[in-house]
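Heads up: the structure comes next, in structure tokens.
The values are calculated or read from the model by the stated rules, or taken from the named source; none is laboratory data. Nothing here was measured: the structure is a model prediction, and the numbers come from that model. We place every Cβ from the backbone using ideal geometry, glycine too, and count neighbours over all the protein chains shown. What goes into the accessible areas is simple: the full protein's heavy atoms, side chains included, and nothing from ligands, DNA or RNA. Shrake-Rupley method; radii C 1.70, N 1.55, O 1.52, S 1.80 Å.
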Amino acid sequence: MVRRDLLTKTQGLSSKTQYPIPKTQNLRPKTLLVTGGAGFIGSNFIHHIITEHSDWEIVNLDKLTYAGNLENLQDTENNPRYRFIKGDIADRKLVGALFSGEYFAANSLTPNTQDLRPNIVVNFAAESHVDRSILDASPFIETNIKGTQVLLEAARTHWLGSKTQDPTSNTQDLRPNIFLQVSTDEVYGSTEKGKFTEESPLSPNSPYSASKAAADFLCHAYWKTYQLPVIITRCSNNLGPFQFPEKLIPLAITNALENKPIPIYGDGLNVRDWIYVLDHCRALDFTLQKGKPGEIYNIAANEERTNLELIHRLLDVMDKPQSLIKFVADRPGHDRRYALDASKISRELGWQPNYSFEEALTATVDWYLNNESWWRKIKRGDYAKYYARMYSHR
Ligand code: NAD
Ligand code: TDX
């Protein structure tokens, strides 16, 4: 069980979601096309937006792959400002119909065909697990690269039409549209020392990060060539509620709750920089409101830990024995360290993380403790086959 003395630190966390975001003048009401909103970060983002912005509309387009789960959005599904559409971002026809408004008319989602045409895209949809990209890169190419290009092209066609915007004009306050690409620190590759800034060259090492880097390059190209108002964010490793238990932290928490071994790759000294998912969502919200088209923003909380330090602490918090740790064969091409310099988003947009690593960890453990049926259902399904394939002979 979780140590209550640590859990008390998380009391009152919800009050931290109340924060002043400076309002930008002259922005028209927002209709967001959120892709991949049934996944981990996307569902947290939708909860955040519904709570914080009473006049924003959300259309969630999600293919519902193994990682998509509508249970993540149960408390949102009846909200009149939220609609779910099951579909693929790489489906050119469907995406075109969403941008033109035809889809909404044809499906009687709105009496006015124009109402739900997106003026903002927040693209979370992705194949997101490095280990799966090592088993089979194909779905990563389809979704992360082709899917992003389909979205970019639809945005270009429907937002810009035949006109182009002048990239040198001050479009910040009057911009009607934003294409926000949710990218990752992994595109920079690995570094033993120092931190990556937005100017660092991209050097991805896994099929996953290579596909995300390719999508970033496409976004950049659509900005430079067509002046499509694209913003890219690159965030470090997230932890928090609703994370699929293939990723290290939820895998470790749920295995520990079942008194099963926790597999640590290699020597366990690989370093990741951790951020609470709600802090990432707030940073994306700041970016939508104050970010500048054509810019890239790193997002991180400056909380580096080796995997071994992280799991030691997690087992302490959960009051579980360290003997659950089991060293297993390393991940091929395993990046040694990710580290981001996130001073630009703090300096230019005024964003700071609200949660310390300790608070984030205890809140996350608490969530998995209180939502056992959520993760047990996942672990019983296809996940069991994946787990056996990935870990049984490791
Ligand atoms: P996730 O795997 O939990 O969720 C991905 C979602 O996308 C799922 O709901 C899935 O059904 C959906 N999806 C997949 N393919 C799709 C397609 N072709 N069309 C429509 N929907 C599709 O991922 P996550 O951890 O929430 O990550 C979200 C985004 O954030 C990804 O782009 C990822 O690269 C990025 N990111 C993640 C982290 C992290 O630590 N998890 C850190 C930085 C950036
Ligand atoms: O069983 C495990 N044992 C282990 O030691 C797993 C699943 C992971 N690890 C290690 C590998 C990494 O060094 O833990 C670290 C974290 O692994 P993951 O949770 O798989 O995350 P990572 O590979 O760092 O990538 C994550 O952060 C960046 C997300 O999955 C990406 O979507 C995001 O872009």
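When each of the peptides 275-286, 124-135, 253-264 is scored by the mean number of other C-beta atoms lying within 10 Å of its residues, the order from highest to lowest reads 275-286, 124-135, 253-264. Computed from label points 7 Å out along Cα-Cβ, the spacing between Asp341 and Leu160 is 3.0 nm.
Shape summary: the chain maps onto an equivalent ellipsoid whose semi-axes, from the alpha-carbon gyration tensor, are 34, 22, 21 Å in decreasing order. For the stretch 240-394, the convex hull drawn through the C-alpha positions has a volume of 133 cubic angstrom per residue. Computed from the C-beta positions of Arg394 and Gln289 and an R0 of 45 Å, the FRET efficiency is 0.50 to the nearest 0.05.
Split the accessible area of the chain by element, probe 1.4 Å, and carbon with sulfur accounts for 50%. Put a plus charge on the Cβ of each Lys and Arg, a minus charge on the Cβ of each Asp and Glu, and nothing anywhere else: the dipole of the chain about its Cα centre is then about 320 debye.
Taking the Cα centre of the chain as the origin and placing charges on Cβ (Lys, Arg +1; Asp, Glu -1), which of Tyr383, Asn354, His334 is farthest toward the positive end of the dipole? Result: Tyr383, furthest along the dipole toward the positive end. Counting only residues at least eight positions apart within a chain, or on another chain, the lysines with an alpha carbon under 23 Å from that of Lys385 are Lys63, Lys247, Lys260, Lys326, Lys377. Magnitude of the charge dipole for the stretch 207-351, about its Cα centre and with charges confined to Cβ atoms of Lys, Arg (+1) and Asp, Glu (-1), is about 280 debye. In this structure the chain gives 41 Å² per residue of accessible area when probed at 1.4 Å with all protein chains present.
Length gained on full extension, Thr225 to Val328: 32.4 nm, using 0.36 nm per residue less the C-alpha separation. Cross-link reach is defined here as a Cα-Cα straight distance under 23 Å, omitting same-chain residues fewer than 8 places apart; for Lys290 the lysines meeting it are Lys16, Lys23, Lys30, Lys224, Lys344.
Along its three principal directions, the equivalent ellipsoid of the stretch 179-331 from the Cα gyration tensor extends over semi-axes of 33, 17, 13 Å, largest first.
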